[in-house]
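Quick notes on the structure that follows.
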Amino acid sequence: MTDGFFTCGKNVLLAKSPSPQIEGVFAATRGRLVSEEQEALLQQWLGEGAGNLPASESVPAVGKVSVTFTSDWLEGSELLMTSLSDLNSSLEVTPCADQQLSELNALASSELQDHAVAGLARLPAEETVTAAGSAPWAAVVPQTDQQIAGCAGISAKVLNDDPAVLAWSLACDTGTVPAELQARPVQDAIPFSPVLTEVPYHEILWRDWEDLSVQPCVLEHVSKNTALFEFRVMSYNILAQDLVEQGLDLYVHCHPDILNWNYRLPNLLQEIQHWDPDVLCLQEVQENHYWEQLEPTFKEMGFACFYKRRTGTKTDGCAVCYKHSRFQLISLSPVEYFRPGLDILNRDNVGLVLLLQPVLPEGLGLKAVSPLCVANTHVLFNPRRGDIKLAQVALLLAEIDKIARTTEGSYYPVILCGDLNSVPDSPLYKFIRNGELSYHGMPAWKVSGQEDFSQQVYSRKLLAPLWPSSLGVTDSCQYVTRCQPKKLGRREYSRDFLLQFRFCDIACERPPQLVLLEGVTDAKPVASAREHSAVTAVLKRHHSLSFLGKWCSGVIQHGLNLTSVYSHFLPQRGRPEVTTMPMGLGTTVDYIFYSAEPVENRAGERRRMYKDGALKLLGRLSLLSEDVLLMANGLPNPFCSSDHLCLLASFGLEISSL
């Protein structure tokens, strides 16, 4: 149950408190809540039940109840965490004063005793939970069965007008609350408004762990007693706070309190620590939050961290963290996509590429495991500028090619994570997965598939070549300096020889940036039949015709053989997977790609097929569908503190003998 949903420790106080209270809780130093604070919170919660009553109805005074808290509030990375099994715990309340006890007894005998103790039911109970590698935590859990000292025999049903609080209180027994409740004022009782039955959040947002280690390719290696170096990789767009505040119109469905960074940070850290990845790739990491809060906390969790802020005036960027007990750094390469003077690369997005060496446990003898290349990026969002997205991805792949290429010309295993702002089966997605894309003449909006602008009269089209040769990247997504070195004694072409190509197709095509001047740049060279045949013969003689045809048709390719961890479809629900919900519309834009071995396609199939190679996919955390997230009020919500879902996968690298 613990792995079913990680936010079981999200407590009533966080769900109900306004921003100042939230800030006080997580910024406070260690210490117990004093009785005055407890009483103030109780009065606030009980008062909210009467806040919605007509002015004509009076609310009797409420006696003070003193609650004993047995654990401390902890700060920083010592987060609230527990499991669903802890929901059976009871709340301990100190014996009431005589007057208070008589009031409670009177309420117990009334028809609406459940309404009267609802205020008490909202108070959290705490118990100590020990997490691996950390100090005991104080876990705050809402209860369903409240035991009130001096008032035996009262079984209280938790009622609350906040769906989040109600959901957690119903986690053990959803049948304890009637479907319809009558709010009738009773003397000496606190009236409550009717509460609609809500589906518990832990049921709505349940994410299964899918064990893929039973696949034939994995079982084959298990049967051969092939050892695997197993590790987990998480990719997560955590939503920079500056971007929240700049686009509040995107989050009108959220209560302001759950958008507060002091509320979101513990949620995000709790989620990361629960799933315990060995490699963590984050996007939209705000720079000041990284240096002041995230990096110190991650270091305490055993991570080595690297960060790259977006260029220009942007305040967020990408981070890659890895457990230094599991990996050692071989090389690090930050990637900036901005290139001055190039319209195709004029945005401030960035990436990170790391080459890591897995650390094998002691006692394995003479064993070795391949290095691992990990890349993380956040590609431009603008749905209209697919040309920029494609160029950014090409630059990243060129950097991966440089870092992951072995001396023999093959590649180390690669894992590519990130928010690519492109949907599955879009041309950009197909380019990464299939290794090739013919882009010439394609509308720029079509590259990412985010929106359909086909009805527009004018739309930008991609023309070949997509980027100038001065960028130093070939159409195979390789740096020119990384291509095969020139052979000694290679023929040098004279001016007269090159002039023979002045009538080839690419030479006769008008550059899109060329200013039209009548009588100067409007003339198109026309070759005679004899000259055209001579050009063709020269090209064939020097084995350049295929290269020229590919360059003219606008084809780019790469040789990394990458496939997606996720299938992007939920067969049990018959719906697509969703990683984010902008404006209430679910879509997938976040990915984890990994190296695999291509298999021969059947006749007529254009989609490249793969099987696991040295890097094996062992499991993944399931995603959700749009309708499920709509039931939880979209993203963010009280328990998912980003507008994206995290992606998590488990891999195994083959361990070989030296």
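The table for this structure:
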| quantity | calculated |
| --- | --- |
| Virtual paramagnetic centre 7 Å along Cα→Cβ of SER333, amide N under 20 Å, in the stretch 459-474 | 467-474 |
| Cβ-Cβ FRET estimate between LEU498 and LYS461, R0 fixed at 35 Å, reported to 0.05 | 0.75 |
| Per residue, in Å², the accessible surface of the stretch 252-307 once ligands and nucleic acids are set aside, probe 1.4 Å | 33 Å² |
| Segment ASP627-ASP276, extension gain: residue separation times 0.36 nm, minus the distance between their alpha carbons | 123.6 nm |
| Extended-chain gain in nm, criterion 0.36 nm per residue less alpha-carbon gap, LEU250 and SER438 | 64.2 nm |
| Dipole magnitude of the stretch 337-470 about its Cα centre (Cβ charges: Lys, Arg +1; Asp, Glu -1), debye to nearest 20 | 260 debye |
| Residue-level accessible surface for SER656, protein heavy atoms, 1.4 Å, Å² | 60 Å² |
| Computed lengthening from LYS299 to GLU408, 0.36 nm per intervening residue step minus Cα-Cα distance | 35.6 nm |
| Spin-label pair GLU362/ARG607, simplified geometry with 7 Å Cα→Cβ offset, distance in nm | 4.9 nm |
| Residue-normalised accessible area of the stretch 578-632, given per residue in Å² at a 1.4 Å probe | 45 Å² |
| Burial order of peptide ranges 589-598, 401-410, 612-621, 473-482 (average beta-carbon count within 10 Å, highest first) | 589-598, 612-621, 473-482, 401-410 |
| In the stretch 582-658, the GluC sites (Glu not before Pro) that fall in loop regions by DSSP, at most 13 other Cβ within 10 Å | GLU600, GLU605 |
| Nearest-0.05 FRET efficiency for VAL515 and ARG573, computed from C-beta distance (R0 41 Å) | 0.15 |
| Net charge over other residues, Cβ less than 13 angstrom from the Cβ of PHE298 (K, R count +1; D, E count -1) | -3 |
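The values are calculated or read from the model by the stated rules, or taken from the named source; none is laboratory data. All values reported here derive from a predicted model rather than from experimental measurement. Here Cβ is always computed from backbone atoms with ideal geometry, including for glycine, and neighbour counts include all displayed protein chains. Protein only, heavy atoms only, side chains kept; ligands, DNA and RNA dropped before computing areas. Shrake-Rupley method; radii C 1.70, N 1.55, O 1.52, S 1.80 Å.
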